[in-house]
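One structure is given here, and the rest of the page talks about it.
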Amino acid sequence: MEKTDLKAQLGEVAQRIRTMREITGLSEEEMARCTGVSTEEYAHCEEGEQDFSFTFIYKCAKRFGVDPTDLIRGVSPTLSSYTIVRHGDGLPITRRHGFKYLNLAPLFKNKTAEPFFVTMPYSEAEQHVAIKLASHAGQEFDIVVKGSMKAQIGSHIEVLNEGDSIYYNSGTPHGMIATGGEDCQLYAMVMKGTEDQAPETDRFQTLIDRKLARQPREGVIDPFIETSLDENGILNGIKFKNEENFNFAFDVVDEIARREPQRLAMLHLDHDKNERRFTFSDISRLSNQTANYLESLGIKRGDRVLVVLKRHYQFWYVITALHKMGAVIIPATHLLMEHDFDYRFKAAGVKAILCTSDGQTADEADRSAKNCPGVEVKIMVGANRLGWHDFDKEMAAFSEVYERKPDSPSGSDPMLMYFTSGTTGYPKIAVHSYKYALGHYITARYWHNVNPDGLHFTISDTGWGKAMWGKYYGQWMCEAAIFTYDFDKFDAHDILPMFAKYKITTFCAPPTMYRFFIKEDLSKYDLSGIEYSTTAGEALNPEVYEQWKRATGLALMEGYGQTETTCVIYNPVGSIPRVGSMGVPSPLYDVDVVLPDGTSAPVGETGEIVIRTDENVPCGLFLGYYQDEKQTKASWHDGMYHTGDTAWRDEDGYFWYVGRTDDVIKSSGYRIGPFEIESVIMELPYVLECAVTAAPDPIRGQVVKATIVLTRGTEGTDELKKEIQTYVKKHTAPYKYPRIVEFRDDLPKTISGKIRRVQIREEDK
């Protein structure tokens, strides 16, 4: 009898669906697409020959513009004030034998949610097969009142017992079964969405179909690295071999030169747009000459060499030469002033400097060197200067042969020193070994997605750590060519045409430069040749992401790391980014979020990002701060390297940036992260840059302050301040709005271009 009733009910609902489809003039194919089933399956449902889920009914009703009750019962809801359903009553919706829904508000019209009492029969067979998943726009809240159920939300499986509840995005494929040997009863509150399909659907439904854009190929790095991929083609493991014998200059540059001497290493454009092409054979040969030359000047293994070469092409064979010699390179920016040079010369014990002839950089270095007797050798690139060696002229006279020796530097030997940006106090000096380069294989291969037959462009001066991320180690380990433009001042109009002209395939820049790009009319430029775009250096605002994607069709794949590391957290090749998220930890690092007591922070709670090193110190992590044990221990203790950055992680392990540990705003009992507010403010078209900080307040302790740089032509009026405040109130929790809004022509920045929020805070005291 029950089966007959079920068949009859299915037939009646099917008839109503078919009638509505015919009235609205929709085809079976259109309805199949709408409901997420095949055309054949839809036809069976419409004929009453196949059971259909509530999700199917729900999507049909939404497409027809009627209430689900119209389809289930054949009448429209009538009540708009309130409705009562007594215990055991409700509109029954029988899906399959023994599986029942009771709609608890069938007579209420224009509902924003559908309430159900659900009975799930226990089935032993269902315990041993995959849970059937469905999805629909909106959200759902379920609470178990009897028995137990196993719920799958996307890739996550949870068991809920009596009294347990779950709230989830129903656009994520989901399904439930009774477990524990008995039927399960629950209340389900299904809240309607505004889209036919929530964004989360693609995240899981297309996961199985995604593969790495770059297929594995036999490469020069194979003797040193092994990687593994998960079932979806996403990197899940990396192992290193022979790393103690690894020297990037010999094992990568010289080896590629031996195998493919004419393979392009770099396409270089100087500030006058003169083009130079360097093969790996060129870089190998020129680095040998440079090594022989520098040794003739008394530079030897272990000596520290400050290199200030902007984006001059000589930088690439200078750094390669120093790696062959074992002299430690210290890249530095041309923006340094006399006192900056003075500190660096003395703190690092610099023996030699290679310097650009552009601008006043050499003047500043000269004045400082007079007070630093340890600086014995000064070398000028691009010009002849009194008291300096002429690099280009003198180097050319030396041999093109430089042999690797049995005791040549490698592995754990110091290779590179970087001064940190120094947001507070004097910059520290992070020391890296020869294994650091290996850590950047993931950077280029699994984050930048470089094309061995393409051209990669990272916008960075060689004075910054980002140059090592995008202009040298990883890209050449992947045997990809790099594009370098030696410009003096960033100009979006100047750079945008180069993507088409030089057929640049992969691109990386900090969010600031993307902001400048999207302020232009990108429709005027051909960006179709870009295959992949990435960003790092500062937190990415969602508005920048969305506008770049609208203009180019490309997602911005964010990456996170520090001067002390390689890429720590990222959106790997093959994944779908979550807008606003930093991504997931690289398999290279054991990354965690910890509370002040050192314990792991629960999902959704803010803590400090750390790298656990109690079991392994990975390639890519620095050796420590040069001759500064105190600072090293302050950042690296209890088996963890402490980044000083805060974030929270979601259910799927994605990290969401909050700010520096000292950037958190404590106001009226609330803890407020500045990045969320900055992201909202950056949505406003007239905002160019923004920094959110804490300002002292006698009543609240601290209040939120927004320091803003407006776009050209926008006047910073009191009315505009109020408009910004109102906008933030509407788009975040009201307590987060900036009580103080200040307009400036520019924001204080470190020498590396990062906003110095600490300076703004100091000015406000």
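The values are calculated or read from the model by the stated rules, or taken from the named source; none is laboratory data. No experiment lies behind these values; they were computed from the predicted model shown. Neighbour counts run over all protein chains shown; Cβ positions are idealised from the backbone, glycine included.
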Fill in: Matching option when the condition is within 25 Å of H268 (Cβ to Cβ), of a type in the set (K, R), in contact with a His (Cβ under 9 Å, 6 or more places away or on another chain) and buried (at least 20 other Cβ atoms within 10 Å of the Cβ), among K378, K310
K310
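For T420, are the conditions met, namely being farther than 30 Å from R285 by Cβ, under 36 Å from the mean Cα position of the chain (by Cα), surrounded by 15 or more Cβ atoms within 10 Å (Cβ to Cβ) and among the β-branched types (V, I, T)? Walk me through how you get there before you give the answer.
Numbers: farther than 30 Å from R285 by Cβ: yes; under 36 Å from the mean Cα position of the chain (by Cα): yes; surrounded by 15 or more Cβ atoms within 10 Å (Cβ to Cβ): yes; among the β-branched types (V, I, T): yes.
Spelling it out, T420 is indeed farther than 30 Å from R285 by Cβ, under 36 Å from the mean Cα position of the chain (by Cα), surrounded by 15 or more Cβ atoms within 10 Å (Cβ to Cβ) and among the β-branched types (V, I, T).
Considering only residues that are among the basic types (K, R) and at pLDDT 90 or above, look in segment 699-731 and name the one that is nearest to E520 (Cα to Cα).
Of the residues in segment 699-731, the ones among the basic types (K, R) are 700, 705, 712, 721-722, 729-730.
Those still in the list that are at pLDDT 90 or above too: 705, 721-722.
Details: K705: 29, K721: 25, K722: 27 Å.
So, considering only residues that are among the basic types (K, R) and at pLDDT 90 or above, the one nearest to E520 (Cα to Cα) is K721.
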Discussion item. Take the residues in segment 13-48 that are in a helix (DSSP H, G or I) and among the acidic types (D, E); name whichever of them is nearest to N103 (Cα to Cα).
Written reply: E46
Discussion item. Among the residues that make up segment 109-125, is at least one of them surrounded by fewer than 17 Cβ atoms within 10 Å (Cβ to Cβ), under 41 Å from the mean Cα position of the chain (by Cα), at pLDDT below 90 and over 28 Å from D67 (Cβ atoms)?
Written reply: no
Response to the item:
Scanning segment 158-181 residue by residue, those free of Cβ contacts under 8 Å to residues at least 24 places away in the same chain, of a type outside the set (G, A, S) and either outside any strand (DSSP E or B) or touching a Lys or Arg at 6+ places or on another chain (Cβ under 7 Å) (or both) turn out to be V159, N161, E162, D164
Worksheet entry | Pairs where the first residue, in segment 230-241, is modelled with pLDDT under 95 and the second is of a type in the set (G, A, S) and not in a strand (DSSP E or B), C-beta under 7 Å, 6+ apart | N232/G574; G233/G574; I234/G574; I234/S575
Practice prompt. Quick one: which strands (runs of 3 or more DSSP E) lie wholly within segment 684-765 and hold at least 3 residues that are on the phi < 0 side of the Ramachandran plot and of a type in the set (G, A, S)?
Written response: 687-697
Fill in: Those strands (runs of 3 or more DSSP E) lying entirely in segment 504-563 with at least 2 residues over 23 Å from T643 (Cβ atoms) and not assigned by TED's automatic domain parsing to the domain that holds K754
506-508, 532-535
Practice prompt. Please enumerate the residues belonging to segment 476-495 that are part of a helix (DSSP H, G or I) and more than 28 Å from R259 (Cβ to Cβ).
Written response: A492, H493, D494, I495
Worksheet entry | Every residue from segment 222-271 that is under 25 Å from A327 (Cβ atoms), in contact with a helix residue (DSSP H, G or I) (Cβ under 7 Å, 6 or more places away or on another chain) and either among the polar types (S, T, N, Q) or surrounded by fewer than 20 Cβ atoms within 10 Å (Cβ to Cβ) (or both) | F240, E243, N247
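Within the bounds of segment 624-645, is there any residue that is among the aromatic types (F, W, Y), more than 26 Å from the chain's Cα centre (by Cα) and assigned to a loop (DSSP other than H, G, I, E, B)? So that I can check it myself, show each step before the final result.
As a first pass, look at segment 624-645 and keep what is among the aromatic types (F, W, Y): 625-626, 636, 641.
Applying the additional criterion that residues be more than 26 Å from the chain's Cα centre (by Cα) yields 625-626.
Filter once more, keeping what is assigned to a loop (DSSP other than H, G, I, E, B): 626.
Checked segment 624-645: at least one residue is among the aromatic types (F, W, Y), more than 26 Å from the chain's Cα centre (by Cα) and assigned to a loop (DSSP other than H, G, I, E, B).
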Practice prompt. Return only the number of the condition from (1) of a type outside the set (K, R); (2) in contact with a helix residue (DSSP H, G or I) (Cβ under 8 Å, 6 or more places away or on another chain); (3) in a helix (DSSP H, G or I) that L10 does not satisfy.
Written response: (2)
Worksheet item: Within segment 337-356, how many residues turn out to be under 14 Å from Y418 (Cβ atoms) and hydrophobic (A, V, I, L, M, F, W, C)?
Response: 3
Worksheet item: Which condition breaks for Y525 when tested against (1) touching a strand residue (DSSP E or B) at 6+ places or on another chain (Cβ under 6 Å); (2) farther than 30 Å from I609 by Cβ; (3) not hydrophobic (A, V, I, L, M, F, W, C)?
Response: (1)
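So which of A365, A397, A352 ends up being at pLDDT 95 or above, loosely packed, with under 14 Cβ neighbours inside 10 Å and on the phi < 0 side of the Ramachandran plot? It would help to see each step written out before you state the result.
Numbers: A365 fails: loosely packed, with under 14 Cβ neighbours inside 10 Å; A352 fails: loosely packed, with under 14 Cβ neighbours inside 10 Å.
Testing whether each residue is at pLDDT 95 or above, loosely packed, with under 14 Cβ neighbours inside 10 Å and on the phi < 0 side of the Ramachandran plot leaves just A397.
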Practice prompt. Looking at (1) buried (at least 16 other Cβ atoms within 10 Å of the Cβ); (2) under 26 Å from N247 (Cα atoms), find the lone condition where D392 falls short.
Written response: (1)
Worksheet item: From the set of residues in segment 322-346 that are among the aliphatic types (A, V, I, L, M) and surrounded by fewer than 17 Cβ atoms within 10 Å (Cβ to Cβ), which is modelled with the highest pLDDT?
Response: M337
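Given the options V377, V401, V431, V381, name the one that is closer than 30 Å to K633 by Cβ, of a type outside the set (D, E, K, R) and touching a residue at least 40 places away in the same chain (Cβ under 8 Å).
Details: V377 fails: closer than 30 Å to K633 by Cβ; V401 fails: closer than 30 Å to K633 by Cβ; V381 fails: closer than 30 Å to K633 by Cβ.
So the residue among V377, V401, V431, V381 that is closer than 30 Å to K633 by Cβ, of a type outside the set (D, E, K, R) and touching a residue at least 40 places away in the same chain (Cβ under 8 Å) is V431.
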Worksheet entry | Residues of segment 164-214 that turn out to be modelled with pLDDT of 85 or more and β-branched (V, I, T), as a count | 5
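For segment 49-146, which fully contained strands (runs of 3 or more DSSP E) count at least 3 residues that are touching a residue at least 24 places away in the same chain (Cβ under 8 Å) and within 14 Å of Q9 (Cα to Cα)?
Details: elements: 91-96, 99-103, 113-120, 138-146.
Ranges flagged: 91-96.
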Item to complete: Determine if segment 471-484 includes at least one residue that is at pLDDT below 95 and of a type in the set (A, V, I, L, M, F, W, C).
Response: no
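Here are K435, K501, K489, K471: which of them is charged (D, E, K, R) and in contact with a Lys or Arg (Cβ under 9 Å, 6 or more places away or on another chain)?
On the way: K435 fails: in contact with a Lys or Arg (Cβ under 9 Å, 6 or more places away or on another chain); K501 fails: in contact with a Lys or Arg (Cβ under 9 Å, 6 or more places away or on another chain); K489 fails: in contact with a Lys or Arg (Cβ under 9 Å, 6 or more places away or on another chain).
It is K471.
Quick grid of which residues meet (1) on the phi < 0 side of the Ramachandran plot; (2) among the small types (G, A, S):
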site: L235; (1), (2): yes, no
site: I238; (1), (2): yes, no
site: N242; (1), (2): no, no
site: N245; (1), (2): yes, no
site: A257; (1), (2): yes, yes
site: L267; (1), (2): yes, no
site: A291; (1), (2): yes, yes
